[in-house]
Ligand SMILES: [Zn+2]
């Protein structure tokens, strides 16, 4: 993978200002599938804040009937069509956790985001990272947040329950392990983490990232792969961005180092919606109209996955 190469990309802001690369390293390396864009902390004495997150209780909506007297328990999964009779709300009864990567003020709290947390597969990673940015200074965290809000609006309009992993773009965190826990606690039918990459300047395009069929992710692998395929199809069909030209293939990447995937007990993917270091992709990312089209592409993929699925983890 090109992860180590992308980790070493120096944020343009730091290069221009002449600050040592060590500062970038100290401010939190890449942790969530993106470039290691980092900004020097402003206001070093700013008091640390701890973001709080509320996850509503999971639905009590039994859909799996187990018949105990058979020699082998039979599991009956009710068709998805039984869940919603309102054609205008095709996603009624579905829970989608939308995880906008990073947070707009992470750079103010290096001591918080550099703290090591469990990342799954026996590894630890920094709590969170600052994310990357376009050469023009549009931060990835702001892009992720904007696309997440647009996606949430689309999903809510179709009756879905939507849980965000953060509630603003002016806070810090939460840590990557907490983001995964939010999806698990919400008993999400689908989890999608939204990012944009900081790749080589000549590389373009989107990636849909899923975890390998290994260890803790084995139980969610099949569903996560279906989710990845549906969202990949949605993004391709939109024509906004090409599949990545520099990492993975056909717009897919398989990664075993992402806490958000390793620690998820629900179907989960990450998306990297273009390369912020590429001028063509960046021009798309800074456009509100294009961000809306990207959100619609994600929505189309999620809907295809949610409506088509009849067997779910519970
Ligand atoms: Zn990111």
Original post:
Has the range 179-193 got at least one residue that is touching a helix residue (DSSP H, G or I) at 6+ places or on another chain (Cβ under 8 Å), more than 25 Å from residue 286 (Cβ to Cβ) and surrounded by fewer than 22 Cβ atoms within 10 Å (Cβ to Cβ)?
Top reply: no
Subject >> Verdict on residue 134 being touching a strand residue (DSSP E or B) at 6+ places or on another chain (Cβ under 9 Å) and either surrounded by 24 or more Cβ atoms within 10 Å (Cβ to Cβ) or at negative phi (or both) >> reply: yes
Original post:
How about the range 192-203: which of its residues are touching a strand residue (DSSP E or B) at 6+ places or on another chain (Cβ under 6 Å) and away from the ligand (no atom under 15 Å from the Cβ)?
Top reply: 203
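I'm trying to understand the selection: among the residues of the range 148-171, which are within 15 Å of the ligand (Cβ to nearest atom) and either crowded, with 24+ Cβ neighbours inside 10 Å or more than 18 Å from residue 98 (Cα to Cα) (or both)?
Matches in the range 148-171: 148, 165, 166.
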**OP:** Taking residue 302 as the residue in question, decide whether it is under 30 Å from residue 92 (Cβ atoms), touching a strand residue (DSSP E or B) at 6+ places or on another chain (Cβ under 7 Å), in contact (Cβ under 8 Å) with a residue 12 or more places away in the chain and within 16 Å of the ligand (Cβ to nearest atom).
**Re:** no
Subject >> the range 137-147 - residue that is farther than 16 Å from residue 270 by Cα and within 12 Å of the ligand (Cβ to nearest atom) and, of those, surrounded by the most Cβ atoms within 10 Å (Cβ to Cβ) >> reply: 139
Original post:
Which of (1) within 16 Å of the ligand (Cβ to nearest atom); (2) surrounded by fewer than 21 Cβ atoms within 10 Å (Cβ to Cβ) is the odd one out, the single condition residue 236 does not satisfy?
Top reply: (1)
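Laboratory data are not the source of any read-out in this text; all were calculated from the coordinates shown. Computed from a prediction, not measured in an experiment: that's the story for all the values here. Note: ideal-geometry Cβ built from the backbone for every residue, glycine included; neighbour counts use all protein chains shown.
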